[in-house]
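Only the coordinates and a few stated rules stand behind these numbers; no lab work does. In this text the structure is predicted, and so the values were computed from the model without any measurement.
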Amino acid sequence: MRPEVEAHFLDQAKSCRGLGSPFTADLLTRLPGALPDGAAFSERLRAWTGDPLADRVALRAAGAFHALARSGRAPALAEAYAAGEAPSPALLAEAIRAGDAFLAPMLDLPPQTNEPARSGALIGGLLIAAAETGMEIELLEIGASAGLNLIPDLYAYEFGTAGRRAGAGPRIDCEWRGNAPDPGAPLRIAARAGADLAPIDPAARPSPLIAYLWPDQHARIVRAEAALAALAATPWRVERGDAAAWLPGRLSAPQPEGRLRLLMHSIMWDYMPAETRAAIDAAMTAAGARATEARPLARLKMEPDGERGSAALDLTLWPGGARRRIGRCCFHGKWADWA
């Protein structure tokens, strides 16, 4: 394994430990020294030529092992996961040899980090946009995975001392700090659509989405399963498509007067090639130039910005196009600190 790839595994392990998953931290710390010779999974990791951080290769590997443990194909590995004990290097090597045909192809897939608890922060941005425009929202999401954040209005929320918001769906706990928006303010999502290169059917069982959740964070797994069930009961499904190709058509579609069209994305921007990001930015700039007070446009971003341990929450509104920082939040939606 190249030194920079191994360093990435150790750095991701540090992040996982800081975010409350010692299991995943131990797994990623042990894995670089547990790769058996001759396995395709081992050789793929040793020969990884891309930017390991941009490719999130450590999270790909962690997701592959969790999926194998849940598949029933590796009883000893499943037993370690069930016990909450990260596999030993010997057990990891044994699992790679026995499950190589299962593990190796999963390194081709970027992690599906569709955490419904992120709606605890995203809904705050939607409330701000709705309050400032006084309009219903047409919600568009790219990198939407299964679409669990396309239904923020269905969840019930507990915001700590900031209050709560009623909903019929699963409960999401997100501690709101600072100058928080009114959690009970009106929010009407009149239309919604999402796109992803590899969308997940929320009705699929077992869901491949669960493999990318950290196995010692049981509450996250339970919440995601409940959110998948809630979404499966609705007619909304994420479309398959490249964001740069899908978005212009949505932005050019007729927009009713008095409706805010809002693009949202969370913890997916860094997974896309630079040319795709540039095309999306250009499409939003062009659509923003066409926006009017009666048919406005917005962009809500929850993405890393280099500050370790949290994501930035940015909101841009057109006409005007001024982007502003409305807060910061936990990557997994545990808290949001409003500006």
Next item on the list: Jot down the per residue volume, in cubic angstrom and as a whole number, of the convex hull over the alpha-carbon atoms of the chain.
Entry: 125 Å³
Next item on the list: Scan the chain and note any complete DSSP helix (H) whose C-alpha atoms cover at least 15 Å along its axis and whose Kyte-Doolittle average is -1.0 or more.
Entry: 3-18, 57-71, 89-106, 119-133, 218-232, 274-290
Notebook entry, point to check: For region 274-300 and region 176-228, what is the separation of their Cα centres, given in Å?
Noted result: 25 Å
Next item on the list: For Ala274 and Asp11, calculate 0.36 nm times their separation in residues minus their Cα-Cα distance, and state this gained length in nm to one decimal.
Entry: 92.3 nm
Margin query: For region 3-106, what are Rg and Dmax over the alpha carbons, in angstrom?
Written below: 12.6, 35
Next item on the list: Evaluate the Kirkwood expression for the hydrodynamic radius of region 1-55, namely the inverse of the mean inverse distance over all pairs of different C-alpha atoms, and round to one decimal in Å.
Entry: 11.6 Å
